[in-house]
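Notes follow the structure.
The values are calculated or read from the model by the stated rules, or taken from the named source; none is laboratory data. Everything quoted here is computed from the prediction, not taken from an experiment. Cβ atoms come from the backbone with ideal geometry, glycine included; neighbour counts cover every protein chain shown. The accessibility values were calculated without ligands, DNA or RNA, using every heavy atom of the protein model including side chains. Shrake-Rupley method; radii C 1.70, N 1.55, O 1.52, S 1.80 Å.
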Amino acid sequence: MSTYALVTRASAAVVAEAVRVGKLGGFVVADPLGTIVLFDAPGRAYSSTDRLARPARAVVARTMSTAVLLLCDEFVAEALVLSPGGELSLQWSAGWEPAADPARYLADRQEWDAYCGEVAALYERPERGAALAMVRNDPVPGEERPALSDLLRRVCAILDLPDNAVGRSLLDGEDPGLYDARRVDAEPPAGRWQRLFQRA
């Protein structure tokens, strides 16, 4: 099952208003750890990360609260940290193979560790960088690789965000699959003015 969900520490009421005045509606779910947004499908069979992230960026800009956009299918998982100050992305692919050369592997790990520190700092949890760096799907002899969805759950746990957003998406259907999901339709300002004039 795919994942296309925004998770944020902002309150559900604030997030719902941000979705309402945006260009794409969806479902908003209040959770003890924050708020989940399941955006409607953009309307194309294939959408890039940039296209899928547009409504999430708009919510972050309106709430001024850092959030994480969770994306996952059978091939790739991504946790895109969005903040008013910028954005950084953690990505994993199925069947990932690290460098076989020990020196190259060490250099890659050091680069990954440093990058995860930057991601944690952008999320305003710099002390979580080392924990984020441990979210990997390197092959380990005698063990099964973690599922890509499990990697996203670990990111949510590290950042204290609701992990029940993982595996939820309106790209596959119209059912949010989450208890007490509240439908919020986008109502951009132009639409509100148009209806006002129609009543007059």
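If ALA94 satisfies all but one of (1) within 26 Å of ALA10 (Cβ to Cβ); (2) open to solvent by less than 70 Å² (accessible area, probe 1.4 Å), what's the number of the condition it fails?
The failed condition is (1).
I need the helices (runs of 4 or more DSSP H) fully contained in segment 129-200, keeping only those with at least 3 residues that are at pLDDT 95 or above.
129-133, 148-158
Are any residues in segment 113-125 surrounded by fewer than 17 Cβ atoms within 10 Å (Cβ to Cβ) and either among the hydroxyl-bearing types (Ser, Thr, Tyr) or within 15 Å of ASN137 (Cα to Cα) (or both), and if so, which ones?
ASP113, TYR115
Restricting attention to segment 5-42, which residues are open to solvent by 40 Å² or more (accessible area, probe 1.4 Å) and within 16 Å of ASP175 (Cα to Cα)?
If the condition is that a residue be open to solvent by 40 Å² or more (accessible area, probe 1.4 Å) and within 16 Å of ASP175 (Cα to Cα), then ALA41 is the only one that fits.
Residue pairs, Cβ under 7 Å, 6 or more apart or interchain, first in segment 28-47 and at positive phi, second modelled with pLDDT of 95 or more and assigned to a strand (DSSP E or B). List them.
The qualifying pairs are GLY34/VAL7; GLY34/THR8.
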